[in-house]
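The structure under discussion appears below in the form of structure tokens.
Just so it is clear, none of the values below were taken in a lab; they were calculated from the coordinates. All values reported here derive from a predicted model rather than from experimental measurement. Quick reminder, even Gly has a Cβ in these numbers, built from the backbone with ideal geometry, and neighbours come from all protein chains shown.
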Amino acid sequence: MTATSPQQNPPIIRPDKDRFLGEENPFEAMMSRFDYAAQRLSLDPGLYKVLRRPEKQVTVSVPFQRDNGETDVYTGYRVLYNTSRGPAKGGIRFDLNVTLDEVTALAAWMTWKCAVVNIPFGGSKGGVVCDPADLSDRELERVTRRYTSAIIETLGPDSDVPAPDVNTNERVMAWIMDTYSMHKRHTVTAVVTGKPVQMGGSLGRREATGRGCMIVTKQALQRLKLPVQGTRVVVQGFGNVGSVAAQLMAREGMRVMAVSDKSGGIYNEKGLDIDDVLRYVREHRLLAGYPGAQAITNDELLVLDTDVLVPAALENVITSHNAGNVKAKLICEGANGPTTANADRILDEKGVFVIPDILANAGGVTVSYFEWVQDRGGYFWDEDTVNQRLERIMTESFDQVAGMAAKHGVTPRIGAYMLAIERVALVHKLRGMYA
Ligand code: NAD
């Protein structure tokens, strides 16, 4: 294992309107929002330097044997961005596009997300540069186990707790948990979250992110003095986040008029029967061909006449090119980074209320925290308890973000960053500098 040294001190950036560029890169956009929020908080320059850098970056080689006996070597990363508030928390992705810079930015993102919902975690992320489609099941298991043992010093319920991310799932988490436990000579369930429920996973985890979106959307509607019943909703993405958000919003009485996936969108002005759409997708895998609704493109979906828009698929879908045409009064960012910084400005000028990703989709990491708590206590909660506790955290966090935004006259996004930075910075101040 080699620990590469973090980059040089970045210059302290004094943000102004023109800093909100970099439309193509969601991570630069995230850090520019961080910079702006830090400036609005008048963050101590020393603390700014600390919070602008990752604590630890680990780069490892992952040699493994192919089924045909040949040896291949992949590269893996694990980055702990900040652990001042508690163990690092963040997913592991297996993807050809994984880079150290991207993993570092995603680890920073996790730091702010955990702080916004005030759970006692820092932020981390990891990845292996590989194409999982190029691996058999046995090869995937060997890569997972070798990567786990290569980063084992960083892992642990008290230090760094991975979760699923792009191209990893509960089966991969089970292998990580088993490998870690074999090294420790006893079973350690709390080392990962997103595990199968039968081996220490939490009830309600699968639905948690979409449920969180529903909860904060209801609160924002109340704030905008819009009713829940009959409110028109469109959702981009019909995977884990989008399908659950659509289903739960429909159950609350909202009129979900359109949903989409990578095959395109479906639209019915009177409202879709989401349970029926889910049945269709279970059978046909994709939305394309769903009867009883009009086919639309993903681009058309984003600018439909609606009250609520939930982008829950990809980053960078609301940009300076289409933000001016967005008709929604409220956007709930189920996906990470769906709105570019330039689009933010346009939406703000139009008076669109944006529930930012680091709040809107934090339901997932919140129930991951519950999973870790349950594993450590060895006592498991029923689903109602999970959902009630999730609702309390999401509701309180929404109010705190909105309060921060109102107090400083900034957007909810900047308010969320200010809240997160304030919380992380306060712990640094209280702990002091170990010299
Ligand atoms: P998923 O893979 O389950 O679903 C993704 C959906 O997006 C699918 O329906 C897919 O068809 C659709 N999609 C893909 N390409 C598309 C395109 N070009 N246009 C429109 N739709 C497209 O993923 P997910 O877990 O639902 O995650 C969605 C987003 O939410 C990601 O940004 C992810 O990082 C974020 N997120 C997920 C969680 C979680 O708990 N799953 C938590 C926080 C954030």
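Report, in deg cm²/dmol and to the nearest 500, the calculated mean residue ellipticity at 222 nm for the chain, where each DSSP H run with n ≥ 4 adds -39500 (n - 2.57) and the sum is divided by the residue count. Helices in the chain give a 222 nm mean residue ellipticity of -14000 deg cm²/dmol. Taking 0.36 nm per residue of separation and subtracting the current Cα-Cα distance, fully stretching the chain between Val50 and Gln388 would add 118.1 nm. The His321 and His186 beta-carbon pair, evaluated with R₀ = 56 Å, returns a calculated FRET efficiency of approximately 0.55.
Modelled label positions at Glu349 and Ser61, each set 7 Å beyond Cα in the direction of Cβ, lie 5.4 nm from each other.
The Rg/Rh ratio for the chain is 0.96, where Rg is the radius of gyration of the alpha carbons and Rh is the Kirkwood radius.
Near the amide H of Val354, within less than 5 Å, lie the amide hydrogens of Ile331, all on another chain or at least 5 residues away, with H placed in the peptide plane. Think of each Lys and Arg Cβ as +1 and each Asp and Glu Cβ as -1; about the Cα centre, that makes the dipole of the range 156-203 roughly 180 debye.
Relative to the current alpha-carbon distance between Thr99 and Ala288, full extension at 0.36 nm per residue lengthens the span by 64.7 nm. The charge dipole of the chain, taken about its Cα centre with unit charges on the Cβ atoms of Lys, Arg (+1), Asp and Glu (-1) only, comes to about 1240 debye. Counting neighbouring beta carbons within 10 Å and listing from fewest to most, the residues Val259, Val60, Val143 come out as Val60, Val143, Val259. Close amide H partners of Ile296, meaning residues 5 or more places away or on another chain with modelled amide H under 5 Å apart, are Gly265, Ile266, Tyr267.
Cβ-Cβ distance of Arg223 and Asp305, R₀ of 25 Å, FRET efficiency by 1/(1 + (r/R0)^6): the value works out to about 0.70.
Local charge sum around Ala246 (other residues, Cβ-Cβ under 13 Å, Lys/Arg +1, Asp/Glu -1)? Overall, the nearby charge balance is -2.
Label point of Thr75 set 7 angstrom out along Cα-Cβ; within the range 96-128, amide nitrogens under 16 Å from it belong to 96-105, 126-128. What the phi angles of the range 357-362 give under the Karplus curve with 6.51, -1.76 and 1.60, with θ = phi - 60°, is a coupling list of 3, 5, 9, 4, 9, 7 Hz, glycine and proline written as x. A simple spin-label model places pseudo-atoms 7 Å from Cα toward Cβ; at Arg171 and Glu396 they are separated by 3.9 nm. For Glu269 and Val373, a Förster radius of 35 Å and the Cβ-Cβ distance give a FRET efficiency of 0.20, rounded to the nearest 0.05.
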